[in-house]
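The values are calculated or read from the model by the stated rules, or taken from the named source; none is laboratory data. Note that this is a predicted model, so its numbers are computed, not measured. Cβ placement follows ideal geometry from the backbone for every residue including glycine, while neighbour counts extend to all protein chains displayed. Ligands, DNA and RNA are excluded from the accessible area calculation, which covers all protein heavy atoms including side chains. Shrake-Rupley method; radii C 1.70, N 1.55, O 1.52, S 1.80 Å.
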Amino acid sequence: MARRALKLASLVAATSGTYLYGNKFLDPNDFGVVRVGRAIATTAVITYDYLTSLRSVPYGSEEYDFLKSQVHLRSAERLRELCCANRGTFIKVGQHLGALDYLLPEEYTRTLKVLHSQAPQSTREEVEQVIREDLGKEIKELFVSFEDTPLGAASLAQVHKAVLQDGRTVAVKIQHPKVQAQSSKDILLMEVLLLVVKQIFPDFEFMWLVEEAKKNLPLELDFLNEGRNAEKVANMLKNFDFLKVPRIYWELSTRRVLLMEFMEGGQVNDRAYMERNGINVNEISRNLGKLYSEMIFVNGFVHCDPHPGNVLVKKCPASGKAHIILLDHGLYQVLSEPFRMDYCRLWQALIKADMKRVQKYSRRLGAGDLYPLFACMLTARSWESVNRGIDRSPVSASEDVEIRSNAAAYLPQITQLLNNVPRQMLLLLKTNDLLRGIESALHTRASASSFLNMSRCCIRAVSTYQRSKSHSLYRRAQISFTEALSLWQINLYELFLWLKGSQLGNWVIALLSWMHHST
């Protein structure tokens, strides 16, 4: 039966290619019947597997759960093979799915994560062609040296180390030559296939994935836009002296070629690298949290691809300070003011375990009656932990397993939520999961300091918004006083936590205890 499905898919692929060619919507020389046929065949086999493998097994039984896990794994592996074969946009979308650790079944996220290390590489000839077309010169005219082996290759581009004629060492980001032409066609193909699958499985709500790709891919393929984002975030966060963003060399940058200052370091999830180089792991985790709290809650301009290859750490030999190097500025989410305020207030409610406000602001953000699930998705904590207070206890191994299991058990509800929440929320959820992955690797997840930094930023953001809406001098002064008092309380609590965990604090507690017993 599966073989017949594959034959049917191939026939449909050939017919589709002819139809598209005849109507001149797509160029089959770029797209190819093989490329289309491969996607259709993979979708058909995955659909057939889900339809038949679970049909005769009682729903909810141990056998059903076991078989469902096996189908998830087989389907994820087929999807991974499709992404690797079709490359470009397919790998980009696969990477996005692989980052949704606590939102999709573990079989999918674990299998698709490898796409970050299996991105295609352009040949030397293709690299030379792009540079020649965009900069009008040969590589040897522009650079004293140009390393053939890329520093890293991603779904849309790859980066080479080079030295300019004036001696500056640079990173050269070069777009894969066929990606631009194929991206819109790939998205159209995905949209058609997802619509077909939705007809078979009405609960399948993944059209948000295509909508996000439609919106974000053109921006990511414009390297001039990436350069502007890099300069904007560097200026926006200039008060953080630990943050380093590569300088852009505009005179040699185009929509497909981006020249940047060369920076290197260890990946932010490499705990062993930090220990070897005398870098404080807790400080890095704390500073990364500060950066993202500032971007999300205060500025509403968020770098949405913080996977470890895009966030490096390095100890400055001169000062001894650890720097965070933020790379790849193609994907940013701009948050509207109403959304940002609701999101701030929701996180304040989650930190305080104020369940009435959690429900209120979750509903305002589109969660409806699924607000308990939404709170668990945002925090990657169990509903019990959310009710108790997410800052009260660290994440246990059993709770982490429970959350991951729930991603599979509640997949229809999760996809419904993703379809209902504002589009701005989707990239934030992905960003949250990537940051949690880093914290897990560093063993700093759910630390008290991360919640304190979030609280500070939420207080500042809400107070700034309230002052901007107030026309009374007295009211603005009142808001400023309340803000200062709240921030002072957080600082005091942070000092208490520091004393509690320090040797000095232990001595003070021992002294007070001795004085108490003496009296």
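Residues of the stretch 392-415 that are in contact (Cβ under 8 Å) with a residue 12 or more places away in the chain and hydrophobic (A, V, I, L, M, F, W, C): VAL395, ILE403, ALA407, ALA408, LEU411, ILE414.
Using the structure shown, decide if LYS321 is out of contact with any helix residue (DSSP H, G or I) (no Cβ under 9 Å at 6 or more places or on another chain), buried (at least 17 other Cβ atoms within 10 Å of the Cβ), on the phi < 0 side of the Ramachandran plot and not assigned by the TED database to the domain that holds ASN420. Walk me through it before giving the result.
On the way: out of contact with any helix residue (DSSP H, G or I) (no Cβ under 9 Å at 6 or more places or on another chain): yes; buried (at least 17 other Cβ atoms within 10 Å of the Cβ): no; on the phi < 0 side of the Ramachandran plot: yes; not assigned by the TED database to the domain that holds ASN420: yes.
Against the criterion (out of contact with any helix residue (DSSP H, G or I) (no Cβ under 9 Å at 6 or more places or on another chain), buried (at least 17 other Cβ atoms within 10 Å of the Cβ), on the phi < 0 side of the Ramachandran plot and not assigned by the TED database to the domain that holds ASN420), LYS321 does not qualify.
Scanning the stretch 58-78 for residues that are open to solvent by less than 80 Å² (accessible area, probe 1.4 Å), closer than 30 Å to ARG38 by Cβ and not acidic (Asp, Glu) gives LEU67, LYS68, SER69, GLN70, VAL71, HIS72, LEU73, SER75, ALA76, ARG78.
Quick one: how many residues across the stretch 244-259 are more than 16 Å from ASP134 (Cα to Cα) and either in contact with a Lys or Arg (Cβ under 9 Å, 6 or more places away or on another chain) or assigned to a helix (DSSP H, G or I) (or both)? Result for the stretch 244-259: 2.
All of (1) of a type outside the set (Asp, Glu); (2) in the same structural domain as HIS96 (by the TED database); (3) part of a loop (DSSP other than H, G, I, E, B); (4) open to solvent by less than 20 Å² (accessible area, probe 1.4 Å) hold for SER155 with one exception: (2).
Close contacts from the stretch 209-224, counting a first residue that is aromatic (Phe, Trp, Tyr) and a second that is open to solvent by 70 Å² or more (accessible area, probe 1.4 Å), with Cβ to Cβ under 9 Å and a gap of 6+ residues or different chains, come to PHE223/ARG255. Test ARG55 against the stated conditions and say whether it is at pLDDT 65 or above, closer than 30 Å to LEU435 by Cα and either surrounded by 14 or more Cβ atoms within 10 Å (Cβ to Cβ) or not assigned by the TED database to the domain that holds VAL421 (or both). Answer is no for this residue. Scanning the stretch 384-401 for residues that are out of contact with any helix residue (DSSP H, G or I) (no Cβ under 9 Å at 6 or more places or on another chain) and charged (D, E, K, R) turns up just one, ARG388. Of all residues in the stretch 134-150, those satisfying the criterion of being surrounded by 15 or more Cβ atoms within 10 Å (Cβ to Cβ) and closer than 24 Å to GLY265 by Cβ are PHE143, PHE146, PRO150. Taken over the stretch 317-354, residues that are more than 18 Å from the chain's Cα centre (by Cα) and aliphatic (A, V, I, L, M) amount to 8. Would you confirm, using the coordinates I've provided, whether SER463 is part of a helix (DSSP H, G or I), in the same structural domain as ASP391 (by the TED database), open to solvent by less than 40 Å² (accessible area, probe 1.4 Å) and modelled with pLDDT under 90? Spelling it out, it is not the case that SER463 is part of a helix (DSSP H, G or I), in the same structural domain as ASP391 (by the TED database), open to solvent by less than 40 Å² (accessible area, probe 1.4 Å) and modelled with pLDDT under 90. Being out of contact with any strand residue (DSSP E or B) (no Cβ under 7 Å at 6 or more places or on another chain), aliphatic (A, V, I, L, M), farther than 20 Å from TYR50 by Cβ and not assigned by the TED database to the domain that holds VAL401 is a description that does not apply to ALA76.
Put simply, of LEU495, LEU499 the only residue that is open to solvent by 70 Å² or more (accessible area, probe 1.4 Å) and either modelled with pLDDT of 90 or more or in a helix (DSSP H, G or I) (or both) is LEU495.
Tally time: how many residues in the stretch 121-133 are under 31 Å from the mean Cα position of the chain (by Cα) and open to solvent by 50 Å² or more (accessible area, probe 1.4 Å)? Spell out the reasoning first.
In the first step, residues of the stretch 121-133 are kept if they are under 31 Å from the mean Cα position of the chain (by Cα); the result is 121-124, 126-127, 130-131.
Now narrow it down to the ones that are open to solvent by 50 Å² or more (accessible area, probe 1.4 Å): 121, 123-124.
Counting residues in the stretch 121-133 that are under 31 Å from the mean Cα position of the chain (by Cα) and open to solvent by 50 Å² or more (accessible area, probe 1.4 Å) gives 3.
For the stretch 278-297, check the following and say yes or no: at least one residue is among the hydroxyl-bearing types (Ser, Thr, Tyr), open to solvent by less than 40 Å² (accessible area, probe 1.4 Å), over 19 Å from LEU428 (Cα atoms) and out of contact with any His (no Cβ under 7 Å at 6 or more places or on another chain). Checked the stretch 278-297: no residue is among the hydroxyl-bearing types (Ser, Thr, Tyr), open to solvent by less than 40 Å² (accessible area, probe 1.4 Å), over 19 Å from LEU428 (Cα atoms) and out of contact with any His (no Cβ under 7 Å at 6 or more places or on another chain).
What about VAL401, is it of a type in the set (A, V, I, L, M) and open to solvent by 20 Å² or more (accessible area, probe 1.4 Å)? Spelling it out, VAL401 is indeed of a type in the set (A, V, I, L, M) and open to solvent by 20 Å² or more (accessible area, probe 1.4 Å).
Which residue is farthest from GLY98 (Cα to Cα), if the candidates are limited to the stretch 416-429 and must be open to solvent by 10 Å² or more (accessible area, probe 1.4 Å) and in contact (Cβ under 8 Å) with a residue 60 or more places away in the chain? Looking at residues that are open to solvent by 10 Å² or more (accessible area, probe 1.4 Å) and in contact (Cβ under 8 Å) with a residue 60 or more places away in the chain, I get PRO422. For the list (1) surrounded by 14 or more Cβ atoms within 10 Å (Cβ to Cβ); (2) without any contact (Cβ under 8 Å) to a residue 40 or more places away in the chain; (3) among the polar types (S, T, N, Q), I need the number of the one condition that ASN235 fails. Going through the list (1) surrounded by 14 or more Cβ atoms within 10 Å (Cβ to Cβ); (2) without any contact (Cβ under 8 Å) to a residue 40 or more places away in the chain; (3) among the polar types (S, T, N, Q), ASN235 breaks only (1).
Quick grid of which residues meet (1) open to solvent by less than 60 Å² (accessible area, probe 1.4 Å); (2) farther than 26 Å from SER122 by Cβ; (3) among the β-branched types (Val, Ile, Thr); (4) part of a loop (DSSP other than H, G, I, E, B):
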| residue | (1), (2), (3), (4) |
| --- | --- |
| PRO177 | yes, no, no, yes |
| GLN180 | no, no, no, no |
| SER183 | yes, no, no, no |
| LEU189 | yes, no, no, no |
| LEU194 | yes, yes, no, no |
| VAL197 | yes, yes, yes, no |
| PRO202 | no, yes, no, yes |
| GLU205 | yes, yes, no, yes |
| GLU211 | no, yes, no, no |
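Within the stretch 254-277, restricting attention to residues that are under 23 Å from the mean Cα position of the chain (by Cα) and open to solvent by less than 20 Å² (accessible area, probe 1.4 Å), the residue that is farthest from VAL163 (Cα to Cα) is MET274. When the residues of the stretch 23-52 are filtered to those that are open to solvent by 60 Å² or more (accessible area, probe 1.4 Å) and in a helix (DSSP H, G or I), the one that is modelled with the highest pLDDT is TYR48.
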